Amino acid sequence: MSTVAEHIVTALAQQGVKTVWGVVGDALNPVTDAIRRNDDIDWVGVRHEEAGAFAASAQAQLTGGLGVCMGTVGPGSIHLLNGLYDAKKSHAPVLALCGQVPLAELGSDFFQEVNNDVVFADVAVFNHTITSPEQLPGMLERAVQAALSERGVAVLTLPGDVGGLDLPKGKPEARFIAPPAQVVPDADAVRDAAERIDAAGKVTLLVGIGAREAREEVLALAEKLSAPMVLTLKAKEGLERENPFQVGQTGLIGNPAARRALDQCDLLLMLGTDFPYSDWYPEGKVVVQVDERGAHLGRRTPVDAGIVGDAGLTARALLDRVSAKADRDHLEDAAGRYASWREDQKQLADPKFEDSGLVHKLRAKFDNPDQRIRPEALADALNTYAAADAIFTSDTGMSTVWLSRFVELHGTRRLVGSYNLGSMANAMPQALGAQALDKARQVIAFCGDGGLTMLLGDVITAVAYELPVKLVVFDNGRLGMVKLEQEQGGLPEFGTVLANPDLAAVARAMGLHGIRVEGADTLHDAVREALAHPGPVLLDVITNPDEISLPPRVKVADGWGFAVAKLSEELESRRS
């Protein structure tokens, strides 16, 4: 005979769950005690439940399996919400076990009581409260199946007096069914798309995470169509390495070559992407979109031919139907422009950039008067010295810009970030989740100073559980992306300045190896030292807050707004 809590923990361990993330307490004490007595599953006690949810989501994204987090009654469960929304938007299968007041107190406005069924209604694909042992294993099976099959969040709420109850004799163990097979594209839809592709002159591919596992087919299709390939950020993993067709990203983190590849094509073929920024799609093009989810077709840009199907199976089917395009001018133009742009970016990454010519010295007077370390140089150094199988995470904002432009996901490198929800403070806890999967694998977090300090307490979790993460802080004393947004709109910078402590010293006080870098001449040595250290490290690099990250398409109004903002800031500083 087993209790409700023991049944849940045993079933999760048998499903392959290795870690459960959360904060212990009251209603969930029977569950954490069952984890304590189970040798196949570990408990990671975080300082904030949001960090636990981010960590579980990262594990789900990296493994494709189930991530699990817990939050106890009321505030504990509410704290999970942001990380769970990230899992929802990232299509990560996560089970959240949430505490609740005792059954007799439900609906009485008891201490800490919240209505979990209402609170989690929007974030969850499955959301129910266990009120009786007789509901197991069925309710647990439905929760896990919903998370795995719908690639989303399942929430099981457990009242304080239910977890310790015994299951009736003869209750079977929970059993979970494998997720569904790949979606096979309709033959007529493939035929229609192929005819449109054959009728078009220049083709450009926009490829997303849905095609990440179809590398061979996607590259073969690009070769046959002589098509440049614009990658979304999440498609860098798996598709960037050794890919002569890829020309980087579009959108605010993109580059002019990708922008031109989109603008100059006759047909845009979207494979496995729901790229959300409608303003960055080209206008007046024939559009063919391939996605497993029919609801995604045409919701970002008008589509002429849509295919519901797995990107790899669809690419393979198109390869058999489309005719080869011999003219490679479109591809070579985009690839040449991309190579030229990357050379320019490399110059910015040179620690001696300011000393390498009159033009560079003049630029530095404008955008780096204090001669602080350029963030490009830090990102490039990390790319140079990181392992071929490193896992990268990045905070939303400028940290992601620098990762996108300078980190090459060659070898078996992986990438996780809050690229759909766009949350702050995700990089560090996601790195914890990644590191817990394999303590021998290098995990590097690109942290903004605002993001890291938002959940700073969970830096201690790396020490407590001996997780050797490398936390790299782009410490510019700013909410950098917000600063850029304000200035681009013609507003003077306001409310973005961060009064940071010496974060390396703080890290050392917490038990990490802390390194602070203030000069470009010691940057590379510091990066090598951080990556070579066997335990958790915080590398605090003082970077330039005024570094300009130009998007691939800049309007006159943007430049005018930036100039007005800078003038306003100068006048404000003179008044003070």
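What the table shows:
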item	result
Scope segment 420-441; condition under 11 Å from the mean Cα position of the chain (by Cα) and not aliphatic (A, V, I, L, M); matching residues	420, 422, 423, 426, 430
Only listed residue being buried (at least 17 other Cβ atoms within 10 Å of the Cβ), on the phi < 0 side of the Ramachandran plot and modelled with pLDDT of 95 or more, chosen from 505, 509, 520, 526	526
Criterion: under 30 Å from the mean Cα position of the chain (by Cα), within 25 Å of residue 454 (Cα to Cα) and at pLDDT 95 or above - qualifying residue of 140, 81, 148	81
So residue 199, is it over 20 Å from residue 300 (Cβ atoms), at pLDDT below 95 and either among the small types (Gly, Ala, Ser) or more than 31 Å from the chain's Cα centre (by Cα) (or both)	no
Scan of segment 307-328 for residues that are in a helix (DSSP H, G or I), of a type outside the set (A, V, I, L, M) and in contact (Cβ under 8 Å) with a residue 12 or more places away in the chain, ordered by number	312, 314, 316, 321
Among (1) more than 18 Å from the chain's Cα centre (by Cα); (2) at pLDDT 95 or above - the single one residue 344 does not satisfy	(2)
Boolean, residue 452 is within 17 Å of the chain's Cα centre (by Cα), touching a residue at least 40 places away in the same chain (Cβ under 8 Å) and within 20 Å of residue 64 (Cα to Cα)	no
Single residue of segment 150-185 satisfying the filter (of a type in the set (D, E, K, R) and out of contact with any strand residue (DSSP E or B) (no Cβ under 7 Å at 6 or more places or on another chain)) that is farthest from residue 81 (Cα to Cα)	169
Hits in segment 55-94 (condition: among the charged types (D, E, K, R) and over 30 Å from residue 109 (Cα atoms))	89
Inter-residue pairs, beta-carbon under 7 Å, first among the charged types (D, E, K, R) and in segment 81-104, second part of a strand (DSSP E or B), 6+ apart	88/153
Qualifying residue in segment 115-130 (condition: modelled with pLDDT of 95 or more, in a helix (DSSP H, G or I) and crowded, with 21+ Cβ neighbours inside 10 Å)	yes
Residues located in segment 49-75, provided they are buried (at least 24 other Cβ atoms within 10 Å of the Cβ), under 21 Å from the mean Cα position of the chain (by Cα) and of a type outside the set (A, V, I, L, M, F, W, C)	49, 50, 52, 57, 59, 61, 67
Breaking point among (1) in contact (Cβ under 8 Å) with a residue 60 or more places away in the chain; (2) under 27 Å from residue 90 (Cβ atoms), for residue 35	(1)
Candidate set from segment 91-110 (those that are of a type in the set (A, V, I, L, M) and surrounded by fewer than 24 Cβ atoms within 10 Å (Cβ to Cβ)); member that is nearest to residue 234 (Cα to Cα)	101
Count of segment 431-490 residues which are among the acidic types (Asp, Glu) and within 25 Å of residue 381 (Cβ to Cβ)	3
Only listed residue being out of contact with any His (no Cβ under 8 Å at 6 or more places or on another chain), closer than 17 Å to residue 515 by Cβ, aliphatic (A, V, I, L, M) and surrounded by fewer than 24 Cβ atoms within 10 Å (Cβ to Cβ), chosen from 386, 431, 379, 462	386
Looking only at segment 228-276, and only at residues there that are at positive phi and either in a helix (DSSP H, G or I) or not charged (D, E, K, R) (or both), the one that is modelled with the lowest pLDDT	251
Residue in segment 159-178 that is farthest from the chain's Cα centre (by Cα), counting only those that are over 15 Å from residue 7 (Cα atoms) and surrounded by 14 or more Cβ atoms within 10 Å (Cβ to Cβ)	161
Selected residue (only one of 142, 151 is farther than 17 Å from residue 99 by Cα, of a type in the set (D, E, K, R) and either touching a His at 6+ places or on another chain (Cβ under 7 Å) or surrounded by 18 or more Cβ atoms within 10 Å (Cβ to Cβ) (or both))	151
Residues satisfying the stated conditions in segment 379-396, i.e. assigned to a strand (DSSP E or B) and in contact with a Ser or Thr (Cβ under 7 Å, 6 or more places away or on another chain)	394
Some residue of segment 359-368 being part of a helix (DSSP H, G or I), of a type in the set (Gly, Ala, Ser) and either at pLDDT 95 or above or closer than 26 Å to residue 427 by Cβ (or both)	no
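The values are calculated or read from the model by the stated rules, or taken from the named source; none is laboratory data. These numbers come from a predicted model, not from an experiment. Please note: Cβ atoms are built from the backbone with ideal geometry, for glycine as well, and neighbour counts cover all protein chains shown.
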